[in-house]
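Heads up: the structure comes next, in structure tokens.
The values are calculated or read from the model by the stated rules, or taken from the named source; none is laboratory data. Predicted model, so just to flag it, every value in this text is computed and none were measured. As a convention, Cβ positions derive from the backbone with ideal geometry for all residues, glycine included, and neighbour counts pool all protein chains shown.
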Amino acid sequence: MGSPLDFLLSELRERGAIPFDRFVYLSLYHPEFGYYTGKRLLNSPGEDFFTAPELSPLFGRVVASFIKRKIEELSLPPVIVEVGGGKGFLAKDLIEYLNPREYYFVERRKPPWWLGGKVKWLRGLEELPGSLEGVVVSNELFDAFPFKRILKMGGELYEVFVVEREGRLAEELRPFRGELPCEPEEGCEYPFFIGWEEFFRALAGKLRRGLFITFDYGGSCREVASKRSFRAYREGRLVDDYLDGVGETDLTADVDFTRLRGLLAGAGFEEVLYKPQSSFLLENGIERFASPAELPQVLTLLVDMGRRFKVLAGQVG
Ligand SMILES: C[S@@+](CC[C@H](N)C(=O)[O-])C[C@H]1O[C@@H](n2cnc3c(N)ncnc32)[C@H](O)[C@@H]1O
């Protein structure tokens, strides 16, 4: 295989243009050069970004204590499914504090070697056993699905496509006539994630009884649609030249929790929690788990990440 650019150009020559969600999918998940699935990311914390479990085991400890209480309250077996566990830091902390009977690690990329035989690696929810009882957890999963970019200009909606111009990738706007959960405001952009419906259908098909809990950045439909919430990061920095660094650039956008909550309810879950991550961490006693030396991480988790991130949880069965 040639370079990521060659691959994209050959697809563009065949198709003329590709919708932005296809560009995101290839950029993040192409088996050879995808940002997540290629060889770029090693498994050390904070390579290009710090997620909460990479920042500190405190996050995992608080999540574990919440899960432990829920397992007792609902008389669930100690079975954990983590979706999109990435470098495995949350898995490490949850396994340490919960000592689960099973830990299914549902990921597109291979789990780190040091998790050893403690996790069962599955590539998709469909590989889970049926009639499952337990807890399904994820951190920063939904922001990593492919998404369309729909923007509003002069009162009209447009969709971003990627095209070829003189041997380079470029963007082209085409009128958008589909349905949206939320319309962007004038001059703003709505990230329309693809694959969330299928995810919840698969989840509902597997989890007979249990809890689903997810953490991510984002807000209500209105909040997400009132800015340009699409972002591209390379080596930890926000970049604008995302068309030039395919495979080296993380593409992401804020999560529309109004839509996510609707999908969770539609999949038969009763919502038990939706709040800022900071409130969740405080209510579940983060200060009890932290040593004085961990105060800086507590502050980052509560103040910086805590306000931008939300937690959503639902019960089924
Ligand atoms: C932003 S990273 C978060 C990693 C980790 N949860 C953390 O907090 O450090 C998103 C991860 O989700 C994985 N992912 C995305 N879509 C997925 C899907 N449909 N099923 C399983 N994993 C997925 C990606 O491979 C990537 O490792």
Practice task
Return yes when Tyr242 is crowded, with 17+ Cβ neighbours inside 10 Å, among the aromatic types (Phe, Trp, Tyr), in contact with a helix residue (DSSP H, G or I) (Cβ under 7 Å, 6 or more places away or on another chain) and farther than 26 Å from Val79 by Cβ and no when it is not.
Solution key: no
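Condition check ((1) buried (at least 22 other Cβ atoms within 10 Å of the Cβ); (2) farther than 22 Å from Ala313 by Cβ; (3) touching a strand residue (DSSP E or B) at 6+ places or on another chain (Cβ under 8 Å)) across all residues:
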| residue | (1), (2), (3) |
| --- | --- |
| Lys68 | no, no, no |
| Val79 | no, no, yes |
| Ala91 | yes, no, yes |
| Trp114 | no, yes, no |
| Glu127 | no, yes, yes |
Problem - Residue pairs meeting the criteria (Cβ under 6 Å; at least 6 apart or on separate chains; first closer than 21 Å to Gly38 by Cβ, in region 247-259; second assigned to a helix (DSSP H, G or I)) - result: Gly247/Pro4; Leu251/Val24; Leu251/Ser27; Thr252/Asp143
Exercise for the section: Residues being closer than 25 Å to Tyr190 by Cβ and not in a strand (DSSP E or B): count how many of those fall in region 205-235. Expected result: 9
Problem - Residue list for region 36-58, restricted to those being at pLDDT 90 or above and either more than 9 Å from the ligand (Cβ to nearest atom) or aliphatic (A, V, I, L, M) (or both) - result: Ala52, Leu55, Ser56, Pro57, Leu58
Handout entry: 1 or more residues surrounded by 20 or more Cβ atoms within 10 Å (Cβ to Cβ) and away from the ligand (no atom under 16 Å from the Cβ): qualifying strands (runs of 3 or more DSSP E) within region 144-190
Key = 147-153, 156-165
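Has region 271-288 got at least one residue that is surrounded by fewer than 21 Cβ atoms within 10 Å (Cβ to Cβ), over 24 Å from Val135 (Cα atoms), over 22 Å from the mean Cα position of the chain (by Cα) and not basic (Lys, Arg)?
So in region 271-288, the residues surrounded by fewer than 21 Cβ atoms within 10 Å (Cβ to Cβ) come out as 271-276, 278-279, 282-285, 287-288.
Subsequent filtering for residues that are over 24 Å from Val135 (Cα atoms) retains 287.
Filter again for over 22 Å from the mean Cα position of the chain (by Cα), leaving 287.
Next, from what is left, pick out any that are not basic (Lys, Arg): 287.
Scanning region 271-288 turns up at least one residue that is surrounded by fewer than 21 Cβ atoms within 10 Å (Cβ to Cβ), over 24 Å from Val135 (Cα atoms), over 22 Å from the mean Cα position of the chain (by Cα) and not basic (Lys, Arg).
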Practice task
Could you grab me the full set of residues in region 120-173 that are aromatic (Phe, Trp, Tyr) and closer than 30 Å to Leu94 by Cβ?
Solution key: Trp121, Phe142, Phe145, Phe147
Exercise for the section: Could you tell me whether region 177-184 includes any residue that is closer than 30 Å to Ser3 by Cα, of a type in the set (A, V, I, L, M, F, W, C) and without any contact (Cβ under 8 Å) to a residue 40 or more places away in the chain? Expected result: no
Completion exercise
Pairing a residue in region 75-99 that is closer than 12 Å to Leu211 by Cα with any residue that is away from the ligand (no atom under 11 Å from the Cβ) and part of a loop (DSSP other than H, G, I, E, B), where Cβ atoms lie under 6 Å and the two sit 6 or more apart in sequence or on different chains, gives Pro78/Pro100; Pro78/Arg101; Val79/Arg101; Ile80/Pro100
Completion exercise
Result of the Cβ filter at 9 Å on region 229-241, keeping first residues that are over 18 Å from Asp216 (Cα atoms) and partners that are among the hydroxyl-bearing types (Ser, Thr, Tyr), at least 6 apart or interchain, is Arg234/Tyr242; Arg234/Thr249; Val239/Tyr233; Val239/Thr249; Asp241/Thr249
